[in-house]
Amino acid sequence: MRIAFFDAKAYDRPSFDRYGAQHGIRFKYFETKLGEDTVDLARGYDGVCCFVNDTVDAAVIDKLAAMGISVLALRCAGFNNVDMRHAHGKLHVVRVPAYSPYAVAEHAMAMLLTSIRRIHKAYIRSRDFNFSLNNLTGFDLHGKTVGVIGTGRIGRVFIDICRGFGMKVLAYDKFPYPGLDNGDTIRYVELDELFKNSDILSLHCPLTDDTYHIIDADSLQKCKKGVVVINTSRGALVDAEALLEGIKSRHVGAACLDVYEEEGDLFFEDKSGHILEDDTLARLISMPNVIVTSHQAFLTEEALENIAETTVQNLLDIQKDGQCPNEVCWRGGTAQDCKNGKCF
């Protein structure tokens with residue numbers, strides 16, 4: 001099996017080459033992102049592997065189907081960059097639903113600690129032999145309340161980490177996880193109560209119509225003054241302009257962002273020699289109480305291994321059985337399946 005691998009980075013190749021070689025799958029790595037202008041690079045391949053910022057819209061799907069390509073392997077959990085309804089009946093779309101929830105949850109906590117204890121500022125100072133502690137005062141996490149939106153695997157690991165610090169947890173999820181609410185230190189609440197009573201907000205939910213801009217001007221106004229916002233999930237969960245205004249007005253105390261709504265042409269690339277045209281992102285990065293990492297939360301050795309192993313297994317399942325447990329849209333489904341939401 002030959003797979004066209006888009007948006008390839010050096011850190012992707014070792015694990016994919018290893019697992020691919022073990023099972024007779026050859027990957028052709030393209031550094032360019034998948035989109036309407038690049039989809040022709042997939043001609044002659046048996047499948048396509050893509051990532052979070054590749055564009056798989058109706059035009060791309062139609063071209064892939066016309067080339068005889070039947071499987072699209074996402075090496076990530078989210079699939080909001082794929083037109084799922086248009087893919088129905090044309091492509092098998094498979095994903096990696098869980099790679100390392102610890103990687104993302106630990107990164108969220110690392111960003112939080114870095115922010116509230118001013119570690120990034122202390123590091124820069126000490127490099128210049130400036131050992132002053134002025135303006136480096138932080139605050140304890142112990143006893144604080146964290147609002148966790150999304151209690152899937154990553155959200156629950158993050159909750160475990162927070163509980164280790166002695167924090168109280170307010171959780172929200174459209175589908176609450178059974179047994180998580182203990183009626184005391186971890187409670188499921190409605191969003192308004194979560195916003196009102198949380199010192200810290202951390203997002204661990206998928207991007208859907210319901211969660212688009214779940215953090216906006218209205219929700220931020222419901223929050224405590226000085227609230228810290230963490231997003232390691234999907235950029236469009238946060239209205240970046242509203243967040244910027246909240247920071248400028250001193251209502252938002254800090255923001256830790258591993259994702260950004262308009263990150264597609266920026267993140268994963270070296271833009272150090274270019275003028276950043278995104279004024280909102282430039283302003284956010286310039287703020288002393290904002291930390292931005294470029295969609296880095298997943299990037300651990302364990303996660304990369306899991307992503308490669310699961311992606312290869314997904315491709316083998318489709319090749320052998322025509323279906324896969326990690327399939328989110330299948331070629332052979334009926335129109336009623338898609339209407340009922342069974343394919344995504």
inquiry  = Can you say whether Val148 is assigned to a strand (DSSP E or B) and either in contact with a Phe, Trp or Tyr (Cβ under 9 Å, 6 or more places away or on another chain) or free of Cβ contacts under 8 Å to residues at least 40 places away in the same chain (or both), as far as the supplied structure shows?
reply    = yes
Answer residue from segment 299-341, given it is surrounded by 14 or more Cβ atoms within 10 Å (Cβ to Cβ) and either in a strand (DSSP E or B) or of a type in the set (D, E, K, R) (or both) and is modelled with the lowest pLDDT among those = Asp337
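When only residues in segment 282-298 that are part of a helix (DSSP H, G or I) and touching a residue at least 24 places away in the same chain (Cβ under 8 Å) count, which is farthest from Ala73 (Cα to Cα)?
Checking each candidate, the answer is Arg283.
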ask   = Is there any pair with a first residue in segment 235-253 that is under 25 Å from Phe139 (Cβ atoms) and outside any helix (DSSP H, G or I) and a second that is polar (S, T, N, Q) and open to solvent by less than 30 Å² (accessible area, probe 1.4 Å) whose Cβ atoms are under 7 Å apart and which are 6 or more apart or on different chains, and what are they?
value = Val238/Asn231
ask   = When segment 254-273 is examined, which residues are found to be open to solvent by less than 30 Å² (accessible area, probe 1.4 Å), touching a helix residue (DSSP H, G or I) at 6+ places or on another chain (Cβ under 8 Å) and in a loop (DSSP other than H, G, I, E, B)?
value = Asp258, Val259, Tyr260, Glu263
ask   = Just checking, which of Gly166, Gly143, Gly138, Gly155 is under 15 Å from Ile200 (Cβ atoms), in contact with a Leu (Cβ under 8 Å, 6 or more places away or on another chain) and either open to solvent by 40 Å² or more (accessible area, probe 1.4 Å) or among the small types (Gly, Ala, Ser) (or both)?
value = Gly166
inquiry  = With the requirement that a residue be open to solvent by less than 20 Å² (accessible area, probe 1.4 Å) and closer than 14 Å to His92 by Cβ, what does segment 39-54 give you?
reply    = Gly47, Val48, Cys49, Cys50
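The values are calculated or read from the model by the stated rules, or taken from the named source; none is laboratory data. Keep in mind that what you see is a predicted model, and the values were worked out from it rather than measured. Positions of Cβ are backbone-derived with ideal geometry, glycine not excepted, and every protein chain shown enters the neighbour counts. Remember, those area values only see protein heavy atoms, side chains included, never the ligands or the DNA or RNA. Shrake-Rupley method; radii C 1.70, N 1.55, O 1.52, S 1.80 Å.
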